[in-house]
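Report on one structure; see the data block that follows.
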Amino acid sequence: MRRIHYSGKYPKHFQEKYKELQPDKYGAMAEHVTRKGNTPAGTHLPIMVREILEQLRIRPGDKGFDATLGYGGHTRAMLDALEGRGHLCATDVDPIEIVKTEQRLRDAGYGEDILTIRHQNFAGIRRLAAEFGPFDFILADLGISSMQLDNPARGFTYKADGPLDLRMNPEKGESAAQLLRKLAQDPADLASLFVENSDEPYAEAIARTISGDLRRGVSIETTGALRNEIASALSFLPRAEQKDAVKKSCARVFQALRIDVNGELEALYTFLDALPDVLSPGGRVAVLTFHSGEDRLVKKAFKLFWEEGRFSDLARDVIRPSREECLHNPRAKPTKLRWAVKAPE
């Protein structure tokens, strides 16, 4: 099969970045892209690995749970800390990426004796703890993986045209396009979604524009079409402000839809509620959040468990990525890390 050719010096489209998509074969290209502060296509840079390991304090022989396998960067760091003893259970809902990640980790020598991978939502942590726990350490990275974000075919980004999907598991549930059509019957419902899931300041204007256009028969089935709707809704702003405002509102609206389509907050509620029961005495949990709604839920849950005496310690302030990491990986900038420790019995 002949490789894809592209015009110009550098590839611009995801499918053209065949060297980045094969870091095992074109390591120099992947390293070059990373040095520039970008993430090679089809890969993901794990965030705050050092800080996570400092808080989890993994010891050889421990049993742990990685709630969001993703590309496997955090997973591999935790496995290395186990030094071949103990066990790690990891889950992910993405049926496409989980197969690739498991193959990479198996090829790296991590067998079933130390690593179990399950294709499921981390909301099922109680059942997993009954089978593999209780857990001495738990990590939940609530961010979206770069592999999903960068591939236009997955419909997660407003920066490239693709189907308006946004599902972590494209085999289940309704797409973002379907959700829009349903909620747009009442602009107030759609505006509420944008406010609750992403604090969108122009929620009402955007919801009115989308609802009105859908009623008139305008098709909003692609990421580009939704981006155009947001730009149209914000056309009342001064021209000098529009470009930046549209960019930020696109990010927030796509986030709000993604959260609802995937039931992310419901899963997080269930996960947090289970923590005191699935951790071993003295067990530690770390959670990476990427927007204020998630962080508020984690902070509130940890504080409640501490007040009830079920947690013996917790992060008083969030831990943020270092300036050096943010320069190396700009996608780390919004990250907040919180941790807690289960009280001894």
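The table below lists the values:
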| read-out | value |
| --- | --- |
| Subset tally (residues that are touching a helix residue (DSSP H, G or I) at 6+ places or on another chain (Cβ under 7 Å) and either of a type outside the set (A, V, I, L, M, F, W, C) or more than 17 Å from I230 (Cβ to Cβ) (or both)) for region 176-190 | 3 |
| Unmet requirement for F236, which otherwise passes all of (1) under 30 Å from T91 (Cβ atoms); (2) part of a loop (DSSP other than H, G, I, E, B) | (1) |
| Elements of type helices (runs of 4 or more DSSP H) in region 58-166, at least 3 residues being within 18 Å of the chain's Cα centre (by Cα) | 73-82, 97-107, 146-150 |
| Selection status of L139, open to solvent by less than 40 Å² (accessible area, probe 1.4 Å), closer than 16 Å to V253 by Cβ, in contact with a helix residue (DSSP H, G or I) (Cβ under 7 Å, 6 or more places away or on another chain) and not charged (D, E, K, R) | no |
| Qualifying positions in region 123-133 - in contact with a helix residue (DSSP H, G or I) (Cβ under 6 Å, 6 or more places away or on another chain) and surrounded by fewer than 17 Cβ atoms within 10 Å (Cβ to Cβ) | R126 |
| Which numbered condition A267 fails, given (1) part of a helix (DSSP H, G or I); (2) out of contact with any Phe, Trp or Tyr (no Cβ under 7 Å at 6 or more places or on another chain) | (2) |
| Cross-chain or 6+ apart pairs with Cβ under 7 Å, region 122-140 first and farther than 21 Å from L265 by Cα, then open to solvent by 10 Å² or more (accessible area, probe 1.4 Å) and part of a helix (DSSP H, G or I) | F135/A129 |
| Residues (in a helix (DSSP H, G or I) and among the small types (G, A, S)) located in region 175-214 | A176, A177, A188, A191, S192, S198, A203, A205, A207, S211, G212 |
| Count - residues of region 175-234 that are more than 27 Å from the chain's Cα centre (by Cα) and either open to solvent by 30 Å² or more (accessible area, probe 1.4 Å) or among the polar types (S, T, N, Q) (or both) | 14 |
| Residue ID - farthest from the chain's Cα centre (by Cα), chosen from residues in region 306-338 that are among the hydrophobic types (A, V, I, L, M, F, W, C), closer than 20 Å to L268 by Cβ and surrounded by fewer than 20 Cβ atoms within 10 Å (Cβ to Cβ) | W306 |
| Residue within region 262-276 that is of a type in the set (V, I, T), at pLDDT 95 or above, surrounded by 15 or more Cβ atoms within 10 Å (Cβ to Cβ) and within 26 Å of F311 (Cβ to Cβ) present | yes |
| Odd one out for T116, checked against (1) farther than 23 Å from D313 by Cα; (2) buried (at least 21 other Cβ atoms within 10 Å of the Cβ); (3) at pLDDT 95 or above; (4) in contact with a strand residue (DSSP E or B) (Cβ under 7 Å, 6 or more places away or on another chain) | (2) |
| Tabulated pairs, region 320-345, first free of Cβ contacts under 8 Å to residues at least 40 places away in the same chain, second assigned to a loop (DSSP other than H, G, I, E, B), C-beta under 8 angstrom, 6+ apart or interchain | R320/T335; C326/K333; K333/P321 |
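The values are calculated or read from the model by the stated rules, or taken from the named source; none is laboratory data. Model, not experiment: these values are computed from the prediction. So basically every Cβ, Gly included, is an ideal-geometry build from the backbone, and we count neighbours across all protein chains shown. For the accessible areas, the whole protein counts, side chains as well, though only heavy atoms, and no ligand, DNA or RNA atoms are used. Shrake-Rupley method; radii C 1.70, N 1.55, O 1.52, S 1.80 Å.
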